[in-house]
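A.B. asks: Supplied in structure tokens, the structure appears directly below.
The values are calculated or read from the model by the stated rules, or taken from the named source; none is laboratory data. Not measured: the values here are computed from a predicted model. A quick note on method: Cβ atoms are made from the backbone with ideal geometry, for glycine too, and the neighbour counts reach across all protein chains shown.
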Amino acid sequence: MASVLWFQAGACSGNTMSFLNAEEPNVVDLIVDFGLDLLWHPSLGLELGENAKKIFTDCAEGRRNLDIFVLEGTVIQAPDKSGRYDMFADRPMIDWINELAAAAQIVVAIGDCACWGGIPAMEPNPSDSTGLQFHKRERGGFLGPDWRSRSSLPVINIPGCPAHPDWITQILVALATGRAGDIALDDLHRPQTFFKTFTQTGCTRVQFFEYKQSTTSFGEGTRSGCLFYEYGCRGPMTHSPCNRILWNRQSSKTRAGMPCTGCTEPEFPFFDLAPGTVFKTQKVAGTIPKEIPEGADHLSYMAHAAAARIAAPQWSKEDMFVV
Amino acid sequence: MTALDLFVSPLGRVEGDLDVRVTIEDGVVTSAWTEAAMFRGFEIILKGKDPQAGLIVTPRICGICGGSHLYKACYALDTAWKTHVPPNGTLIRNIAQACETLQSIPRYFYALFAIDLVNKNYAHSPLYDEAVRRFAPYVGTSYQTGVVLSAKPVEVYAIFGGQWPHSSFMVPGGVMCGPNLADVTRSTAILDHWKNHWLEKQWLGCSIERWMEIKTWADMQEWVEENESQYNSDCGFFIRYALDIGLHEYGGGCGNYIASGTYFEPSLYENPTIEARNGALIGRSGVYADGRWHDFDHMRIAEDVSHSYFTGTRRLHPWEGETDPIDPQIGRGSGKYSWAKSPRYDVPGSGHMPLEAGPLARRVAAGAPAGAAHQDHDPLFVDMLDKLGPSVFVRQMARLHEAPKYFQWTKQWLSQLYLHDSFYTKPEELESGKGFGATEAARGALLDWIVLEDGKIENYQVITPTAWNIGPRDSDGTPGPIEQALVGTPIADVDDPVELGHVARSFDSCLVCTVHAYDGKSGRELSTFVVNGMV
């Protein structure tokens with residue numbers, strides 16, 4: 001049985017809400033069937049009073065075994081690295097994080113905020129927020145680049161804003177069932193099994209991408225076309241399984257007509273949401289996408305695009321997702 | 001007389017953690033201070049950004065009400081850009097907003113509120129064993145179904161918005177999706193599944209239609225006794241148990257209410273303006289203070305920071321609002337104690353007052369006289385307040401009453417979609433302007449004010465339901481709604497003050513609470529509690 005302690009720092013609770021949408025296993029299965037020993041969670045914890053506080057200090061001081069410490073939310077360091085902008089149980093939250101991360105066998109960052117700072121850390125970062133082991137793409141974050149948990153692992157990052165419930169539950173089940181060794185991490189400490197693929201992998205618009213046919217407007221306009229050319233979709237440049245493991249068992253943003261905002265990557269929100277960048281593809285010379293699919297170069301991209309447009313069949317210029 | 005100071009840290013999570021300090025004399029709370037303990041600075045982040053940045057940023061203020069944040073952020077832009085929203089766009093927004101709330105009602109009730117009903121404090125109740133059987137966390141027979149099935153309504157959100165939480169699919173001029181036939185039929189089937197397996201079967205023990213016949217407190221009591229199915233449903237049981245353990249006897253609060261209203265009649269809001277807003281609402285807006293109803297007017301709202309960790313000396317309307325943080329350690333020296341600002345409403349004839357936001361406020365607004373044919377008119381909770389007064393129990397029933405009501409509305413909106421019509425009109429992106437958008441998150445009035453200049457955000461201010469409810473004292477020293485609601489709460493066991501949790505959680509303010517009890521005279525710490533709770 002693996003013990004888990006879940007804290008929220010500079011958090012919106014979105015990852016917890018996402019987690020509660022899980023099925024196979026759902027949150028009840030995780031605890032009742034998989035025997036996950038959830039020592040405490042801000043929304044689900046059972047213990048009241050003295051018992052709960054005792055759990056935190058017992059874990060921090062090594063009197064109680066803590067297998068997995070989960071953090072949701074940014075590490076808030078303001079003002080002047082004192083952490084006083086986020087007090088928890090009478091202390092700056094950063095003090096709890098320091099002690100519990102040191103005590104745990106494995107530390108898991110859930111959601112962009114805990115991974116790399118997320119939206120609160122965007123310019124001008126008024127709360128001096130950062131992630132556990134990254135600040136945006138830069139290694140370090142709160143714990144430092146060389147930090148390792150008691151089981152010699154770096155912080156396991158499960159990014160996304162929020163993270164998909166399956167990414168959370170399957171990793172927790174893997175850790176709880178002794179499969180930590182199967183979790184291969186990429187250079188951003190993300191489990192490769194989820195983050196090797198692109199958001200575009202499995203997107204229903206991929207045929208339109210193949211023939212370079214753009215969606216022409218939101219609403220009924222999204223019954224056709226790809227969102228990459230005009231609407232700033234980051235699906236080809238973003239690593240996630242959003243179109244392999246659907247959201248709420250139903251859909252994904254790109255399937256529903258919303259451009260991918262790249263929320264599993266450290267740069268999210270991209271361009272710091274500067275004027276002119278929201279839901280609009282950034283272009284060179286007014287027509288060529290500034291960013292092109294990972295690994296491609298502009299010259300071959302343009303040659304490929306020109307040929308694809310010539311090859312485009314009539315159906316690729318018509319509505320496909322019709323009433 | 002025995003006096004105790006209890007320091008509750010933290011007790012909140014929507015805009016961060018909340019601490020609560022209460023003084024208890026002779027077993028009853030005599031004064032309370034609510035202290036929001038975490039600051040991220042979203043309003044500062046939004047300044048200078050793309051006009052549409054609020055569609056991405058504000059849902060991340062709170063992942064519990066993210067869809068509500070998106071909804072009102074979108075209307076703030078619609079009014080600033082003077083957009084046209086086709087009826088289908090309005091309907092999809094209504095459906096999505098309602099599905100978030102339908103998700104929240106059971107998730108909140110079972111996972112966050114009802115687990116306290118099995119507290120040993122109530123072991124003396126003849127209904128206690130049954131409460132444990134139903135509501136015990138994870139293993140309770142009702143807990144499992146209620147919590148797991150709460151994920152169903154947001155599947156409908158995902159069909160139209162791609163995912164829940166944190167989509168940004170509502171945009172000025174409509175919505176991003178162009179749903180097809182199966183999207184609508186599947187949504188209908190998912191909602192019916194939720195109704196058949198939870199709402200009617202487990203919660204009500206009767207049809208939605210039968211429940212909606214209830215117009216008075218007497219009707220509700222008759223409903224409980226009408227048959228075994230209703231008597232033994234979770235709702236019937238909760239009513240009996242709540243009255244047995246006295247949840248109708250405390251937690252009343254200020255007795256004055258604000259609803260900014262939500263859901264629009266599509267034909268009346270094709271060109272969203274601030275002026276036409278009240279009339280186009282289905283879920284009505286309104287302010288009820290000192291026994292009188294008033295029309296809602298956003299210009300009468302102002303935020304006070306006299307006890308909040310911000311600079312500033314006077315109340316400001318949010319269009320002029322400022323967010324300039326100061327170190328809490330320094331702020332404490334001048335009597336400041338919270339990261340929440342204190343929203344106040346200038347009630348005609350009475351001046352600036354704190355008002356309670358949330359389902360009870362919406363039910364009071366729905367009980368106001370007049371109201372157009374398309375608007376919610378429902379006298380039930382005006383009668384409940386008249387007969388019982390406000391309390392933890394009445395606030396809970398107001399929230400739960402909305403499950404069948406919003407379910408019916410959502411089904412209606414789905415049936416009104418004309419799939420071959422438009423869902424979006426491309427707006428002109430005006431360089432400058434002012435906008436206001438609002439909604440009712442599950443937990444109350446949620447409002448955005450935006451000022452655009454030179455194609456970017458010059459000012460962005462948000463007032464959340466939690467700020468309405470947990471905001472600290474104002475410059476007149478008047479406590480906020482939860483501060484007032486905590487006063488008078490009886491505490492049976494200071495080592496386990498579950499009653500404080502009931503009151504705080506009845507506002508659904510997303511609270512995690514650690515309670516530190518201090519002896520009021522010596523300052524010695526007696527006990528520390530986590531009154532665990534509301535997300």
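A.B. asks: Within the range B:213-230, restricting attention to residues that are surrounded by fewer than 16 Cβ atoms within 10 Å (Cβ to Cβ) and of a type outside the set (S, T, N, Q), which residue is farthest from B:Glu356 (Cα to Cα)?
C.D. replies: In this case the residue turns out to be B:Glu228.
A.B. asks: Okay, moving on. Taking the range B:53-105 on its own, how many of its residues are at pLDDT 95 or above, buried (at least 24 other Cβ atoms within 10 Å of the Cβ) and not in a helix (DSSP H, G or I)?
C.D. replies: Total satisfying the criteria: 2.
A.B. asks: Which of (1) touching a Pro at 6+ places or on another chain (Cβ under 9 Å); (2) surrounded by fewer than 23 Cβ atoms within 10 Å (Cβ to Cβ) does B:Glu428 not meet, given it meets every other one?
C.D. replies: For B:Glu428, the failing item is (1).
A.B. asks: Have a look at A:Ser43, A:Ser18 and point out the one that is assigned to a loop (DSSP other than H, G, I, E, B), at the interface with chain B (Cβ under 9 Å from one of its Cβ atoms), among the polar types (S, T, N, Q) and out of contact with any Asp or Glu (no Cβ under 7 Å at 6 or more places or on another chain).
C.D. replies: A:Ser43 is the lone residue from the list that is assigned to a loop (DSSP other than H, G, I, E, B), at the interface with chain B (Cβ under 9 Å from one of its Cβ atoms), among the polar types (S, T, N, Q) and out of contact with any Asp or Glu (no Cβ under 7 Å at 6 or more places or on another chain).
A.B. asks: Would you confirm whether any residue within the range B:232-248 is crowded, with 24+ Cβ neighbours inside 10 Å and within 18 Å of the chain's Cα centre (by Cα)?
C.D. replies: No - not one qualifying residue is present in the range B:232-248.
A.B. asks: Same structure again: Looking only at the range B:346-402, filter to residues that are among the acidic types (Asp, Glu) and in contact with a Phe, Trp or Tyr (Cβ under 9 Å, 6 or more places away or on another chain); which one of those is nearest to B:Glu265 (Cα to Cα)? Walk me through how you get there before you give the answer.
C.D. replies: Going through the range B:346-402, the residues among the acidic types (Asp, Glu) turn out to be B:346, B:356, B:376, B:378, B:383, B:386, B:402.
From what's left, in contact with a Phe, Trp or Tyr (Cβ under 9 Å, 6 or more places away or on another chain): B:356, B:376, B:383, B:386.
Details: B:Glu356: 26, B:Asp376: 11, B:Asp383: 27, B:Asp386: 30 Å.
Of everything passing the filter in the range B:346-402, B:Asp376 is nearest to B:Glu265 (Cα to Cα).
A.B. asks: Quick one: in the range A:245-264, of everything that is of a type outside the set (S, T, N, Q) and over 15 Å from the mean Cα position of the chain (by Cα), which residue is farthest from the other protein chains (Cβ to nearest Cβ)?
C.D. replies: A:Pro259
A.B. asks: Go through the residues of the range B:124-133 one by one and say whether even a single one is assigned to a helix (DSSP H, G or I), touching a residue at least 60 places away in the same chain (Cβ under 8 Å) and surrounded by fewer than 22 Cβ atoms within 10 Å (Cβ to Cβ).
C.D. replies: yes
A.B. asks: What are the residues in the range B:429-450 that are more than 25 Å from B:Tyr257 (Cβ to Cβ) and either within 14 Å of chain A (Cβ to nearest Cβ) or at pLDDT below 95 (or both), if any?
C.D. replies: B:Glu429, B:Leu430, B:Glu431, B:Ser432, B:Ile450, listed by residue number.
A.B. asks: Another question, if that's okay. Restricting to the range A:282-321, and then to whatever is in a helix (DSSP H, G or I), surrounded by fewer than 12 Cβ atoms within 10 Å (Cβ to Cβ) and of a type outside the set (Gly, Ala, Ser), can you tell me which residue is farthest from the other protein chains (Cβ to nearest Cβ)?
C.D. replies: Going through the qualifying residues, I end up with A:Leu299.
A.B. asks: Of a type outside the set (D, E, K, R), modelled with pLDDT under 95 and either closer than 28 Å to B:Leu181 by Cβ or assigned to a helix (DSSP H, G or I) (or both): does that describe B:Leu112?
C.D. replies: yes
A.B. asks: Any idea which of A:Ile97, A:Ile106, A:Ile110, A:Ile76 is at the interface with chain B (Cβ under 9 Å from one of its Cβ atoms) and at pLDDT 95 or above?
C.D. replies: On the way: A:Ile97 fails: at the interface with chain B (Cβ under 9 Å from one of its Cβ atoms); A:Ile106 fails: at the interface with chain B (Cβ under 9 Å from one of its Cβ atoms); A:Ile110 fails: at the interface with chain B (Cβ under 9 Å from one of its Cβ atoms).
The unique qualifying residue is A:Ile76.
A.B. asks: Is it the case, given these coordinates, that A:Ile55 is among the aliphatic types (A, V, I, L, M), surrounded by fewer than 21 Cβ atoms within 10 Å (Cβ to Cβ), touching a strand residue (DSSP E or B) at 6+ places or on another chain (Cβ under 7 Å) and within 11 Å of chain B (Cβ to nearest Cβ)?
C.D. replies: Yes; evaluated as a whole, the condition is true for this residue.
A.B. asks: Give me the pairs, please: first residue somewhere in the range B:402-420 and free of Cβ contacts under 8 Å to residues at least 40 places away in the same chain, second residue anywhere and of a type in the set (Val, Ile, Thr), beta-carbon distance under 8 Å, and either six or more positions apart or on two chains.
C.D. replies: B:His420/A:Val323
A.B. asks: So which residues in the range A:169-217 are among the hydrophobic types (A, V, I, L, M, F, W, C) and surrounded by fewer than 20 Cβ atoms within 10 Å (Cβ to Cβ)?
C.D. replies: A:Val173, A:Ala174, A:Ala180, A:Ile183, A:Ala184, A:Leu185, A:Leu188, A:Val206, listed by residue number.
A.B. asks: When the residues of the range A:265-281 are narrowed to those that are within 12 Å of chain B (Cβ to nearest Cβ), in a loop (DSSP other than H, G, I, E, B) and of a type outside the set (Lys, Arg), which ends up surrounded by the fewest Cβ atoms within 10 Å (Cβ to Cβ)? Break it down stepwise before answering.
C.D. replies: Taking the range A:265-281 first, the residues within 12 Å of chain B (Cβ to nearest Cβ) are A:268-280.
When the remaining residues are screened for being in a loop (DSSP other than H, G, I, E, B), the result is A:268-269, A:274-280.
If we keep only those that are of a type outside the set (Lys, Arg) as well, we get A:268-269, A:274-279.
Numbers: A:Phe268: 22, A:Pro269: 24, A:Ala274: 16, A:Pro275: 18, A:Gly276: 13, A:Thr277: 18, A:Val278: 24, A:Phe279: 20.
Here the residue is A:Gly276.
A.B. asks: Moving to a separate point now. Residues in the range B:345-355 that are of a type in the set (D, E, K, R) and either in a loop (DSSP other than H, G, I, E, B) or within 22 Å of B:Ala37 (Cβ to Cβ) (or both): how many?
C.D. replies: 0
A.B. asks: When the range A:172-225 is examined, which residues are found to be among the polar types (S, T, N, Q) and part of a loop (DSSP other than H, G, I, E, B)?
C.D. replies: Within the range A:172-225, the subset among the polar types (S, T, N, Q) is A:177, A:192-193, A:197, A:199-201, A:204, A:207, A:213-217, A:222, A:224.
A:Thr177, A:Thr197, A:Thr199, A:Gln200, A:Thr201, A:Thr204, A:Gln213, A:Thr215, A:Thr216, A:Ser217, A:Ser224 - these are the residues of the range A:172-225 that are among the polar types (S, T, N, Q) and part of a loop (DSSP other than H, G, I, E, B).
A.B. asks: Oh, and also: Only helices (runs of 4 or more DSSP H) wholly contained in the range B:152-230 count here; list those with 2 or more residues that are within 13 Å of another protein chain (Cβ to nearest Cβ).
C.D. replies: B:153-161, B:181-194
Conditions tested, residue by residue: (1) crowded, with 17+ Cβ neighbours inside 10 Å; (2) within 23 Å of B:Glu483 (Cα to Cα).
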site	(1), (2)
B:Ala276	no, no
B:Arg284	yes, no
B:Asp290	no, yes
B:Asp295	no, no
B:Asp304	yes, yes
B:Arg315	yes, yes
B:Gly335	no, yes
B:Lys341	yes, yes
